[in-house]
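Scroll down for the structure; my scribbles are underneath it.
The values are calculated or read from the model by the stated rules, or taken from the named source; none is laboratory data. If you're wondering where the values come from, they're calculated on a predicted model, not measured in any experiment. Cβ atoms come from the backbone with ideal geometry, glycine included; neighbour counts cover every protein chain shown.
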Amino acid sequence: MPAPAPRYLSQIAAGKHFKTTDMIIAIGASTGGTEAIKDVLSQLPPSTPGIVITQHIPATFSKPFAERLNKNSAMTVVEATNGQQILPGHAYLAPGDKHLEVVRDGARFVCRLLDTETVNRHKPSVEVMFKSVAKNVGANSLCVLLTGMGDDGSDAMGEMKKAGAPTIAQDEASSVVWGMPGEAVKRGHADEVLPLHNIAERILYYALKRK
C-alpha cells in the first residue's frame, strides 16, 4: 500500500478537519481505473471529504471492488445505495448497473441511483455523475478523471470547471489508456494534468484550501 500523501497530513493532524457538506470529490475512471482508484484512496486519511466514484465495471464486480478498496484505505468505502448520505471519510462507488448522481437534501448531500439508459455507452456513466456534481455542488467540489478508454466524463468535466470546481486529469505516462483524461485535456477542461502518484496529495491540497 502506498504511504499516505505526506505534505498535508500534518495540517490534518493539527486539527484542520472538514465539515459534512463542505466539499464533494468526484472521481471517474474506466480501463485501468480499478488499480488507479485503489492507489489514490490508499493515500487519503479518514478525514478526507466525501468521495463519489464512477468506475466502468460489471454489476457483479462493483460490490467486491468496493470491499477491496475498503480493505486498502483508511476511508470507509462502500457500494452506493439510493438516498445514502455522503459523509467525510467515506467513498461511495456507483453500482455496476446504475448511474450515480449527487443531489442535495436540505443541508446534506446524498447519493441518487438511476436505472436509466446508458450514457456514452456506459452505465454507470462518469458524465452523469460529474454533471450532477456540477449542478448541485458547484465550486465546493473537485473533479478527478483517471485512466480510461473513450471520452466518458470529459465534457462534464468542463461543466464542473465552469461551475468553479478545480479539475484534475491523470497524465498520459501513468495512464493505462489515456482516452478519457486525454480528451478532457484536449478539450481544455483540465486545470491540472498529473501523474497518478501526485493526485492524492493534490486532492488534500484542494480540500485544505477550501476549509
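Assorted remarks:
- Scanning the range 133-168 for residues that are among the aliphatic types (A, V, I, L, M) and in contact with a Cys (Cβ under 9 Å, 6 or more places away or on another chain) returns VAL133, ALA134, ALA156, MET157, MET160, ALA165, ILE168.
- Condition check for GLU159: closer than 16 Å to HIS56 by Cβ and either modelled with pLDDT under 95 or not polar (S, T, N, Q) (or both): no
- Flag: ALA80 does not match the condition of being surrounded by 14 or more Cβ atoms within 10 Å (Cβ to Cβ), of a type in the set (Gly, Ala, Ser), under 21 Å from LYS38 (Cβ atoms) and touching a residue at least 40 places away in the same chain (Cβ under 8 Å).
- Of the criteria (1) part of a helix (DSSP H, G or I); (2) under 15 Å from ASP151 (Cα atoms), which one GLY188 fails: (1)
- Selection status of SER141, in contact (Cβ under 8 Å) with a residue 40 or more places away in the chain and in contact with a His (Cβ under 9 Å, 6 or more places away or on another chain): no
- Qualifying residues in the range 103-157 (those that are among the small types (Gly, Ala, Ser) and assigned to a strand (DSSP E or B)) - the one farthest from the chain's Cα centre (by Cα): GLY148
- Beta carbons closer than 6 Å, at least 6 apart along the sequence or on distinct chains, pair a first residue in the range 98-118 that is modelled with pLDDT of 95 or more with a second that is surrounded by fewer than 12 Cβ atoms within 10 Å (Cβ to Cβ) for LYS98/ASP115; VAL110/GLY83.
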